[in-house]
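A quick write-up on the structure given underneath.
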C-alpha cells in the first residue's frame, strides 16, 4: 500500500501548482455550497480552470502561475470578478460575499433534476434529485433507487448484497431509523431527504457497526433567509392517503425548521409454502401446503421540530424533538392443507384456517442537542452531541384456528391464543468530535462516542383449554431484558501530497452485551423446549481496534482512483437473540438465539471514477472476509411438522465483487442512469453436526431513464433486477421490479403533479427452494402488491438552488475532499 502511495507522490512532484483558497457566503453570512469559482488566463482566454465550494462555502483550487480574471458565481446572486490577479504563489482570498441579484428576488423554485454523485475519501454522496417514482413514497422507496443499495420485500436494506448495513440519520443513530429495525423508514416521506451518503469504507469517525458499511441519510434543512417550505398531498390504491409538510423560517439569529407527516395506507401481501417431508422425518403428514393472505392497515404520524440558534459568527446550538406514533392492524389468514400419502397423494387429508389479528401501538420520542464552534474558516471546529430516545410498542394478538375438513379423523386439539407483548427501548448517545487543520492540506480529528441502549420485552401468552378458557402458558411467557453499551475513542489524520490524498484512522471500541431471561423454566427445561443450550443470564465484553485507510489519487481533474481498507463489527440485535419463537404460523416459526456472538470483518475496496462532458463512470472491486458470520438456518423440529428458522454463527463468510455505475445525459430532454453489481460469496461452517458450506455468485442491476415529453411532462422509468442466488440451504429465483412515473410542473413551477405505478408487473415476489436432510420446500412471498399513487406538491418562497453547475447534466462531484 505505502509503496503504491509514494510512487504516486514521486510522479506528482514534477507538477507543483499554487493553491487559491477562500470562502463564499451570502449577505447573511450563510456559506454558499456549490458556488463556482472560475479562473480565466488573461494571456490565453481559452485556458479556463476552476472549482466549486464545499458545504461550508470553502474552496481550495490548484492553479498554474499566471495572470487571471477570477469570477465567483452562484445562481440568483450577483457574480463578483477580480480582474488581473497575478498568481505566483499560494493565495488566500478571504471571505467573499455575494449579494442577491436584483432580477432574481421573485419567488423561484428548487430544480435539482437528477441524482448527482460526489466522491469523497471515505464515501460516495448521492444528492437525491427529483425522483418521480418515489413521489408520495417513503425513505425506503428512495433508498431502493440508490446505486449499491437494495431493499428487500420486508424492507430490509442491503449494501452490495450484504444485509448488515448501519443506518444513520444526519450522521447519528436515530429513532427516525428505528431501534435495530428499518420499519420506521417505510413511514418517513421520501421528500424529506436531501442526500444519501453510501459509505463502503467508513473512516474512524463512524462507529464500527455494520460489516457491509454505512448508509447516512441527510434530511433537508433549508438555508435560505425568510419563511419557506413545501406541502405534499398523496392518494393511491391500495388505500394510501397522506399529507406531509417541510417548513423553515430563518433569520440572522436562528433557523427554525419542521417536518410533519401523516399517512394512512394498506399494504396487502401474500405468501405460499409447500413443504414435502422425506422418510428421515418423524412427522404426522408427508406434505403441508400453506396459503397466506396478509392485510396491513397502518396509520402513522411523525414530526420533527428543531431550531438552530447562532450564538455568534462561529458557533451555534441546535435543539430538536422528533415524535412518531403509529397505530397498525395486521390480519394474516393462513389456509393449510395437510397431505398423507397413505390416504391420497393428490387430495388433502386434513385442513385448517388460522387467523391472526394483531393490533399495535407504537410511540417514539427523540430529544437531541448539538453544539458547534468553528474556531476558524479553515475547518478548525468542535462539535458535541447529546441525544436521548425512547420507544414503547404494545402488541395485542388474537389467534384462532378452526378445522375446514378432516378426512382421516385426525385427532388434534385446536385452541385459540391471546398474546400481549410490550417492548420498551431507551437509548442515550453522547458524542464529541474535534477537527484541527494542519497547514493547508492536512487535518487531524479525534473524538468520543458512547451509545447506551436497553430493550425490554414483556411477553405473555394465554391459550384456550378444553373448556374454552384462556389460561396462561408458563412455558412460553417470559421477560427478556437486553442491554447494549458501546463506547469508543477514535483519531484520524488526513493529508494531501500533490494529487494524492489519504486518511488514516484508528478506533478503539468496547462492546458490552448483557441479557436476562425471566422464565418459569430452568436452563435445562429451556434446552429441552427449544433444542439447544440457552444461557438465561449473560454479560459479555468485547474490546477491539478498528483501523481504516482511505486513499484517493487524482489522475486528472475529472478522473480518480480510490483505495480503502476497514475493519468492522456486526453485533446481534435483540430480536436475533430472544429465544422465544414467533407465533404467526403453526408450522413455520422464527426463533432468536441468545448464544449469538458478534461477527468481525476485514474489507478492501478499490474504486475508479471518470467523468466526461455527458457521461460519468463509477466502478469498484471489493473483498470482504467475515468471521463468525450470521446465517439463518432452517431445520425441522424433532417429532413434529414445525420448521424453525434460527440465526447462528458460522465460521466464515467471504465476499468478492465488483460494481459499475453510469450516468449518461446525451440531451437536455433525456437522462439515463444504470448500475450493475456482481459478487461471489463463500460460506463455511457447521451447526448441529451438519456442514453448511456453500459457494455461489449473484448480481443485481438497476436502470433509470427520465424523458422530457412535449408539454414539459417528465416521464421516468426505474427497473431493478436481482439475479438468482444459491445459499447454504437452497436457491432463490431472480426478481424483477419496474416502476413508472409522470410529472408536470404547474402554476409558474410552484406546484408539481406526479403519478406513479410501483411494481408495474406485480412481480416483486421472492421465490425460494430450500433443501434439508428431512424436507424440501418451495415458497413464495410478496410483501406489497402493485400500487398506484398520485401526489401534489406545492412549494412556497423557495429560492433556486440549481446545483448543476459546469456539469449541467447533473454529474458534478467533489474530488479529493476529506
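Throughout, read-outs are computed from the coordinates displayed, never taken from laboratory work. Note that this is a predicted model, so its numbers are computed, not measured. Counting neighbours? That spans all protein chains shown, and the Cβs are built from the backbone with ideal geometry, glycine included.
What distance in nm lies between label points placed 7 Å from Cα along the C-beta direction at residue 21 and residue 390?
4.6
Given R₀ = 41 Å, FRET efficiency for residue 404-residue 615 by Cβ-Cβ distance, to 0.05?
Once the sixth-power term is evaluated, E becomes 0.10.
Post the alpha-carbon centroid distance, the range 541-595 to the range 628-682, in whole angstrom.
Each part reduced to its Cα centre gives a spacing of 13 Å.
Pull out the extension gain between residue 539 and residue 299, defined as 0.36 nm times the separation in residues minus the alpha carbon to alpha carbon distance; nm, one decimal.
Length difference between fully extended and current span is 82.6 nm.
Which shape class applies to the range 197-337: rounded if a/c is under 1.5, otherwise prolate when a/b exceeds b/c and oblate if not, where a ≥ b ≥ c are the square roots of the Cα gyration tensor eigenvalues?
oblate
Could you give the length gained by full extension between residue 778 and residue 719, i.e. 0.36 nm per residue of separation minus their alpha carbon distance, to one decimal place? Provide the component values of the computation, followed by the final result.
Working: separation 59, 0.36 × 59 = 21.24 nm, distance 2.61 nm.
Value of the extension gain: 18.6 nm.
Taking the Cα centroid of the range 326-391 and of the range 724-767, what is the distance between the two, rounded to the nearest whole Å?
22
Between residue 241 and residue 771, what is 0.36 nm times their sequence separation minus the Cα-Cα distance? Round to one decimal in nm.
Working it through step by step, the gained length comes to 186.6 nm.
Suppose we take every Cα in the chain and form the convex hull; what volume per residue is that in Å³? Can you show the working numbers first?
Numbers: hull volume 127.1 nm³, N = 818.
It is 155 Å³ per residue.
Shape of the range 349-499 from its Cα gyration tensor (a ≥ b ≥ c, root eigenvalues): rounded if a/c is under 1.5, otherwise prolate when a/b > b/c, or oblate?
prolate
Where does the chain land at 222 nm, in deg cm²/dmol rounded to the nearest 500, when only DSSP H runs of n ≥ 4 count, each adding -39500 (n - 2.57), divided by all residues?
One gets -1000 deg cm²/dmol as the mean residue ellipticity at 222 nm.
Report the relative contact order of the range 227-796, percent, no decimals, based on alpha-carbon pairs under 8 angstrom and at least 6 residues apart.
10
Among 430, 37, what is the fewest-to-most ranking by other Cβ atoms within 10 Å?
Starting with the residue having the fewest Cβ neighbours, the order is 430, 37.
Quote the relative contact order of the range 331-398 in percent (integer), defining contacts as alpha-carbon pairs under 8 Å separated by 6+ residues.
30
Which whole-percent values make up P(r) of the range 28-101 when all C-alpha to C-alpha distances are grouped in 10 Å steps starting at zero?
The percentages, shortest bin first, are 19, 53, 25, 3.
Scale the Cα Rg of the range 463-555 by the rule-of-thumb value 2.2 N^0.38 Å and send over the ratio, two decimals.
Computed over Cα atoms of the range 463-555, the ratio equals 2.03.
Once the Cα atoms of helix 2-12 and of the chain are each reduced to a long axis, what angle between those two axes, in degrees from 0 to 90 to the nearest 10, is obtained?
30
Report the label-to-label distance for residue 323 and residue 695 in nanometres (one decimal), using points 7 Å from each Cα along the Cα→Cβ vector.
Inter-label distance under the simple model: 5.8 nm.
For the range 43-71 and the range 415-490, what is the centre-to-centre distance using only Cα atoms, to the nearest Å?
First find each Cα centre; the distance between them is then 51 Å.
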